[in-house]
Amino acid sequence: MDNPFSIEYAVAPHQLIDREEEVRQVKQALTQAGKLFMIGPRRFGKTSILIAAEEALPKRRARVIHLNVQSFTSIEQLVRGLIAATAKFAPNAQQAARMVKDIFTSLQPGVTYNPEKSTFQVTLGVKSRPEEQPAPLLVEALNQIEEYAQAAKYTIGVILDEFQEILKLGGPEIENQLRSAVQLHRHVGYVFAGSETSLLQDMINNPARPFYRLGLPLFIKSIPRPDFASAIVQGFAGLGCVVPDAALTTLFELTEDVPYYVQLLAKTAWDRAEQQSWRELTPSLVAEVFQSLVQLFDPIYANQWVGQTTNQRKVLSAIAQGHTQKLTSQQFLRAFDLSSGTIHKALQSLESVHLLRREVAGTEIQYRLEDPLFKGWVLRFVQDQRD
Ligand SMILES: Nc1ncnc2c1ncn2[C@@H]1O[C@H](COP(=O)(O)OP(=O)(O)OP(=O)(O)O)[C@@H](O)[C@H]1O
Ligand SMILES: [Mg+2]
């Protein structure tokens, strides 16, 4: 029997739990020329939602260009990716070269088709000159897609996943240039998705920045427990193994409701249940499987820990132990022997290397370890030190 849980790069649309509303909003932006900013922490299921939305559109009419900005090393390469994706709209490979030449006239693209991989290889006749920012190439390409969509009388959807990476490729200029193009487009819908939450929030919420209020935000939160729970119960039912509510609660608490880690823990537990013919998944079995995963990653986590300064370690262990809020209060600083200067510095650097994630709980800022397994490792380490 196949394991029903998945930790693939993104879940297949038929395995997507919940997210109907998010998928609807993405589809709407893509087909109605909206501008949507999808913002959520790492591993919460952003890419899975994008793929599900794209797949749900009618195959013959929908035109979607879906790129992951992180997989490109320059703006020029991103533009080539954009053109290669557009080439797929052509009815066949022969017509693709003609079509992209017509659309992207000023960029003089050359296209070759690789039948084995069903991909297009694109070269540009025009390159950005070294003395000039490469951003105009991207703006030019998007403007030409807009013109093409207008002439063809349909809407094209552009998805840029890991959008925050665009700043690394194009520098601060790119924000201005993209905004001035995108805000005028009436026949291209944009979904900008990204995980560097504070940076993306600042991009759309800071009046001084070009993307301010350009589109609507869509915040990706954890999946409601009842929805995830029924999928888990059903997955284990195939093995004849029951999962009581207490075990589900343990599972969600240990993984802090991060969808990827919920799936990872459920998947690992399912393998054990199958091998050892478990009839019931108890809370202590869930905890045992969780610890086995912590152990599996031990060399990585130990390395991560060794790489931290004393203050950063203090902050990590405090947060792991549940001190997630009011980290700058006098009471906290005294208890952990930190100063307000050192705590700010430690929080900032831990956030920048993705060990910590900042979120808002009510009106309070709250910190969490981004990886709940690392949290488990830190707790075990602190405990071992005490013993
Ligand atoms: N709606 C969902 N239903 C079931 N599993 C999910 C769902 N969303 C996310 N997951 C789990 O989380 C994993 C990561 O999902 P995905 O790659 O879509 O997240 P992401 O937010 O794009 O991550 P990253 O920040 O790494 O790009 C999936 O492989 C799956 O295990
Ligand atoms: Mg992703």
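The values are calculated or read from the model by the stated rules, or taken from the named source; none is laboratory data. This one's a predicted model, so the numbers in the text were calculated from it and none came from an experiment. Note that each Cβ is placed from the backbone with ideal geometry, even for glycine, and that neighbours are counted across all protein chains shown.
Among the numbered criteria (1) of a type outside the set (Lys, Arg); (2) part of a loop (DSSP other than H, G, I, E, B); (3) touching a residue at least 12 places away in the same chain (Cβ under 8 Å); (4) more than 17 Å from Leu138 (Cα to Cα), which single criterion is violated by Thr73?
Exception for Thr73: condition (4).
If Gln321 satisfies every condition in (1) more than 24 Å from Gln291 (Cβ to Cβ); (2) out of contact with any strand residue (DSSP E or B) (no Cβ under 7 Å at 6 or more places or on another chain) but one, which is the exception?
(1)
Find the residue count for the range 337-354, including only residues that are more than 26 Å from Ser195 (Cβ to Cβ), surrounded by fewer than 16 Cβ atoms within 10 Å (Cβ to Cβ) and out of contact with any Leu (no Cβ under 7 Å at 6 or more places or on another chain).
Of the residues in that region, 2 qualify.
State the number of residues belonging to the range 232-256 that are surrounded by 18 or more Cβ atoms within 10 Å (Cβ to Cβ) and either part of a strand (DSSP E or B) or touching a residue at least 24 places away in the same chain (Cβ under 8 Å) (or both).
Total satisfying the criteria: 11.
Contact list please: Cβ distance under 7 Å, first residue in the range 185-197 and in the same structural domain as Ala52 (by TED's automatic domain parsing), second residue among the aliphatic types (A, V, I, L, M) and part of a loop (DSSP other than H, G, I, E, B), pairs at least six apart or on different chains.
Note: pairs meeting the criteria are His185/Ala33; Arg186/Ala33; His187/Ala33; Val188/Ala33; Gly189/Ala33.
Filter the range 1-19 down to the residues that are within 15 Å of Glu54 (Cβ to Cβ), away from ligand 2 (no atom under 14 Å from the Cβ) and in a loop (DSSP other than H, G, I, E, B) and list them by number.
Selection gives Ala12 alone.
From the set of residues in the range 34-54 that are in a loop (DSSP other than H, G, I, E, B) and more than 10 Å from ligand 2 (Cβ to nearest atom), which is nearest to Gly215 (Cα to Cα)?
Out of the qualifying residues, it is Gly34.
Only one residue in Ile159, Ile174, Ile223 is in contact (Cβ under 8 Å) with a residue 40 or more places away in the chain and assigned to a helix (DSSP H, G or I). Which one?
The match here is Ile174.
From (1) surrounded by fewer than 18 Cβ atoms within 10 Å (Cβ to Cβ); (2) within 16 Å of ligand 2 (Cβ to nearest atom), pick out the condition that doesn't hold for Ala152.
Tallying (1) surrounded by fewer than 18 Cβ atoms within 10 Å (Cβ to Cβ); (2) within 16 Å of ligand 2 (Cβ to nearest atom), Ala152 fails exactly one: (2).
(1) away from ligand 2 (no atom under 16 Å from the Cβ); (2) crowded, with 18+ Cβ neighbours inside 10 Å; (3) under 23 Å from Lys27 (Cβ atoms): which one isn't true of Leu57, the others all being true?
(2)
Within the range 11-28, can you find the residues that are more than 10 Å from ligand 1 (Cβ to nearest atom) and aliphatic (A, V, I, L, M)?
Residue satisfying the conditions is Val26 alone.
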